[in-house]
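Worksheet: the structure to be examined is printed underneath.
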Amino acid sequence: MTLRNIPLRQVGPNELPVFQKHVCPPTFSGEAIDPVTPTSHIARNLAVNMDLELRDGTKIPMWILEDPEDLVGGQVFPSKTIRTVEGDIVHARVGAKLNTHTIHWHGIEPTSMNDGVGKHSFEISGNFVYQFATNQAGTFLYHCHKNTALHFEMGLYGAFIVCPKKPDTMEARDVPDAPYPPGGPGYVKAFNPPTHCVKYDVEALWVPDDIDTRWHQLGHDASMPKCNPDNPAAAENFTKDGILNDFRPDVFVLSGEAKRMDDNTLFEKAAIKCKVGQTVLLRFISATYTINEIRIGLPIQFIAQDGYPLGVPPRGQYSHPVDRAAGEPIRITAAMRGDCLIRPTMAGRFPCTVDYFHWITGKKLYTAKTFIEVE
Amino acid sequence: MKIDRRRFIRYAILGTAGAAAAGLGVKGMVDMLAPDKAAQGPSDKRTPLKARPAASVPPARTTYRFAITEALVEMVDHTPVYHWAFEDLDDPRGMPRMPGPLISGITGNDINLSITNTLPDVHGFIIPGIAGTPGNGIQIEPGRTQTMSFPAPEAGSYMYFDPFNAPVNRVLGLHGPMVVLPASGNTPYSDPTPTVQKLFDDLGTAAHFPGEPWIPEHSRIWLFHSIDPRFNAMAERGEKIDATRFTDEFLPRYFTINGESGAYASHNHNTVPHGRIGQPHLIRIMNTGMNADSPHIHGNHVYLLAKRLPSGVLHVQENVVLVDTFTDEVSQCMDWLLPFIRPPDIPGDENIPLRRLIPTELSLTLGGVGQSPLAYPMHGHNEQSQSAAGGNYPQGMVTGWEITGDVDGVDFPRSNPEEKGGPPEMH
């Protein structure tokens, strides 16, 4: 039997620009396009080099996004959390350093040029002001969308929290105005007619991540294809020796605290401290390339997914919040988010875990252990 | 307006353009290749599509004759990779396909399937989720033909594949999609949950879903797959492949959607949904590969409608969540409703059409490509899947969707309608 070929389809002359832009986006800079008067300003520069230190003193090279207007806490890993208010119109001034970059405001849905994906718009050379509204209160993230396999892994991401406005109630008197301070107190959007806001006393943010330290020796443009405008689909454009399909994590991270595979000590930074009778809001964001299962040692109410509150009309009316028993696994993968409420009724220390499973074999690679301490 | 259910699905293919057909035969090909409402040029008139799909349209095709054969499939970097593949013997071009041809039907109508094994080893065929022979699977000896006839089952998304030496034969190319539409109703399901029914009732009628209801033509299949050519080379050499070793050592080097990667998958209108605001689309995601992924869509959150587990059990969702990213497990089918609402975080008066609110953006040309229509990606956020041949971002499992106009039926101005590319048959 003759072995037949199933060829790639022919790329017509009219497709050359989109094929070229797909792998080699143009650069662009400047002020907001089709500008609207903003109510909120953000500034971020990327990339900034920093080291992530393990307990044995080993330093892992990371890249982060910095807040250039915060000289005290502007350079952290994960990159500094952004907090805006529901309904804000945001102007985000982004500076590309060391290379061209973009920022994608993950889960926030503006126009293409403000979505931060090079192949559908551009990469920033110099500075650009992204413009978008934050019309949905919830848990989002932001990250670089260039050579994303590598840039997301290297740490070019952070949480993006959109806070609902404070309701006009007696209960809200002692809560500062939105955006609420990190750690609480504040209000979160959740099914709760008529305001669809719920007050929390303590806010926690868990961000599991995993690191393949081999990848952290690579350069910004590692394994990128060559730009060839005359023949953007040509075989010779492709690099052949990359490892960006081969993710073998050897360091595991929870909310910026990193441990080697053989280090079973507790993740203290992620530990939640609260009191009986308080309401805890736990937000989680997966920044892994593995599969995570989160187990929380207390019953939870799952109130929002990917930034959208369950059950809240109009667009959320087809869903509803879900009660989960203590220890019931929540399975998530890269860039998924969830919000849950925890209302402890007794004092004690309640263990919590995050498992990391291999993305192909499904085998468990690591369990990160932390806890909720209730007084 | 009568809706023709023969035109309900698009499914990208490899090989020469015009080969789509999606298993609907020659007549079906002609129907399928006609541009739908969204693909037509700018118009000033809105075409309301309020009618429910007709209940009793006969399917275009009831008989499928497949061969199990072999082929060299050209990867995105032009590397030929040996595969086992299904071939539709009634396809006039006589080419195998990877993934296999679409099987489609309407619940209750007959499907007659014959499969000839032209390879030297025993192969099999199964469609999990269907009672009786299709769901139990059959064995086909070398050189033999097996047949099965069954009524098209409960509506939904299905995968067929060769279950022998699992997962080896499936992953080396012997897999494909099957889609069944309900005989009646306005959802994709025979027995929708009340919330799924309410969601589809609200499309085009509720204030938060201005525009049109869902119609079956507004559907796409996104079949995700992963390829480790080391094992394909073993198959080409005729070596026996141990399933345990395969599972333990599989390292994908190529990641595909409907058999294409990167720029090819991102600019194939049989894969990329496109339409005006208010033209909701159904996306049927199937994972025949070896890795779980975390598909993320930009521009709109999607409703997670249904999941078919690897066992074949269908779960039409009672709690229909809105997500922008969701775990796609191996051997799972997952249906998304892409509501095609105006991207909700574009600042400005929502009563002003986008063509007037963002005229600068829509008129810009960047990198030789016009910013109209508004284009958004869908990609795996387990970003390894965005690689090809070890890197070359983003030439892996990526595609997208395009908004071509406002909800009032007026398309955005296009700076250069020819430059967006795509398979010639769509243009």
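Where a number appears in this text, it was derived from the coordinates with a stated rule and is not lab data. Source: prediction; values computed, not measured. Note that we place each Cβ from the backbone using ideal geometry, even for glycine, and neighbour counts take in every protein chain shown.
Could the peptides A:319-328, A:136-145, A:96-105 be put in order, highest first, of the mean number of other beta-carbon atoms found within 10 Å of their residues?
Numbers: A:319-328: 15.7, A:136-145: 26.7, A:96-105: 21.8.
Going by the mean number of other Cβ atoms within 10 Å, highest first, we get A:136-145, A:96-105, A:319-328.
Give the percent of DSSP beta bridges with both residues in the protein assembly as shown that are antiparallel, rounded to the nearest 5. Write out the running numbers ahead of the final one.
Details: 134 of 181 bridges.
Rounded to the nearest five, the antiparallel share is 75 percent.
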What is the local net charge at A:L46, summed over the other residues whose Cβ is closer than 9 Å to its Cβ (Lys, Arg +1; Asp, Glu -1)? +1
Descending semi-axes in whole angstrom, ellipsoid equivalent of the range B:292-427, from the Cα gyration tensor: 30, 21, 13
For the range A:247-374, what is the Kirkwood hydrodynamic radius in Å, using each pair of distinct C-alpha atoms? 15.5 Å
One quarter of the convex hull surface, Cα atoms only: what value does that give for the protein assembly as shown in nm²? 31.2 nm²
On a C-alpha basis, how far is the centre of the range B:171-185 from the centre of the range A:64-97 in Å? Whole number, if you could? 45 Å
Taking the Cβ of B:K307 as the centre, find all other residues whose Cβ is under 13 Å away and add up their charges (Lys, Arg: +1; Asp, Glu: -1). -1
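To the nearest 20 debye, what charge dipole does the protein assembly as shown have about its Cα centre, counting +1 at the Cβ of each Lys and Arg and -1 at the Cβ of each Asp and Glu?
Numbers: 70 positive and 89 negative charges, 208 e Å.
Value, rounded to 20: 1000 debye.
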Using only DSSP helix segments of four residues or longer, with each worth -39500 (n - 2.57), what per-residue ellipticity at 222 nm results for the protein assembly as shown after dividing by its residue count and rounding to 500? -2000 deg cm²/dmol
What ratio of Cα Rg to 2.2 N^0.38 Å holds for the range A:238-318? 1.55
Kindly rank B:307-313, A:260-266 from highest to lowest mean number of other beta carbons found within 10 Å of each residue. B:307-313, A:260-266
Using the basic label-point model (7 angstrom from Cα toward the beta carbon), what is the A:S29 to A:A271 distance in nanometres? 4.7 nm
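Taking each pair of different alpha-carbon atoms in chain A once, compute 1/r for the pair, average those values, and report the inverse of that mean as the Kirkwood hydrodynamic radius in Å to one decimal.
Numbers: mean 1/r = 0.0451 Å⁻¹.
Evaluated over chain A, this radius sits at 22.2 Å.
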Farthest toward positive dipole pole in the protein assembly as shown [+1 Lys/Arg, -1 Asp/Glu at C-beta], among A:H104, A:T81, A:W359: A:W359
Relative contact order %, the range B:134-195, counting alpha carbon pairs below 8 Å whose residues are six or more apart: 30 percent
Which ³J(HN,Hα) values in Hz, rounded to whole numbers, follow from the phi angles of the range B:290-300 under the Karplus curve 6.51 cos²θ - 1.76 cosθ + 1.60, where θ = phi - 60° and Gly and Pro get x? 10, 10, 5, 9, 10, x, 10, 10, 9, x, 9
Give me, ordered by chain and number, the residues 5 or more places off B:G124 or on other chains with an amide H under 5 Å from its own placed amide H. B:I140, B:F164
Under the rule of at least 5 residues apart or a separate chain, name every residue whose amide H is placed under 5 Å from the amide H of A:F267. A:K369, A:T370
At R0 = 30 Å the Cβ-Cβ FRET efficiency linking A:M346 and B:L309, nearest 0.05, sits at 0.20
Using only atoms on other chains, find how many Cβ atoms lie within 10 Å of each Cβ of peptide B:361-374 and report the average. 6
Percent breakdown of C-alpha pair distances by 10 Å bin, ordered from the shortest bin, for the range A:286-336: 24, 42, 31, 2
Take the Cα pairs of the range A:13-163, get the Kirkwood Rh, then feed it into Stokes-Einstein at 37 °C and 0.692 mPa s and tell me D in µm²/s. 206 µm²/s
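Which whole-number percent of Cα pairs in the range B:102-220 have a distance greater than 19 Å?
55 percent
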J(HN,Hα) series, the range B:390-402, from Karplus relation 6.51 cos²θ - 1.76 cosθ + 1.60, nearest Hz, glycine and proline x: x, x, 6, 3, x, 10, x, 7, 9, 8, x, 8, 9
Which ³J(HN,Hα) values in Hz, rounded to whole numbers, follow from the phi angles of the range A:203-219 under the Karplus curve 6.51 cos²θ - 1.76 cosθ + 1.60, where θ = phi - 60° and Gly and Pro get x? 10, 10, 10, 10, 10, x, 9, 9, 10, 9, 5, 5, 5, 7, 9, 8, x
State, as an integer percentage, the relative contact order of chain A based on alpha-carbon contacts under 8 Å between residues 6 or more apart. 14 percent
Amide H to amide H under 5 Å from A:T27: which residues, 5+ apart in sequence or cross-chain, H placed 1.01 Å off N in plane? A:E123
Long-range lysine pairs (8 or more apart or interchain), the range A:247-374, Cα under 27 Å: 10
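Given charges of +1 on the Cβ of Lys and Arg and -1 on the Cβ of Asp and Glu, with all other atoms neutral, how large is the dipole of the range A:13-163 about its Cα centre, in debye to the nearest 20?
220 debye
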GluC sites (Glu not before Pro) lying in DSSP loop within the range B:223-330, provided at most 16 other Cβ fall within 10 Å: B:E239, B:E318
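Tell me the relative contact order for the range B:239-380 as a rounded percent, counting alpha carbon contacts under 8 Å between residues six or more apart. Provide the component values of the computation, followed by the final result.
Working: 194 pairs, mean separation 36.3, N = 142.
Value for the range B:239-380: 26 percent.
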Just how far, in whole angstrom, is the range B:95-166 from the range A:1-40 if you go by their alpha carbon centroids? 37 Å
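Please average, across the residues of A:26-39, the number of beta carbons from any other chain that are within 10 Å of each residue's own beta carbon, and give a whole number.
Numbers: counts 5, 2, 3, 0, 0, 0, 2, 7, 10, 3, 6, 1, 1, 1.
Taking all residues of A:26-39 together, the mean is 3.
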Sorted by mean Cβ packing within 10 Å, highest first, what order do the peptides B:402-408, B:194-200 take? B:402-408, B:194-200
Is there a simple number for the mean count of other chain Cβ atoms within 10 Å of the Cβ of residues in A:98-111, and what is it? 4
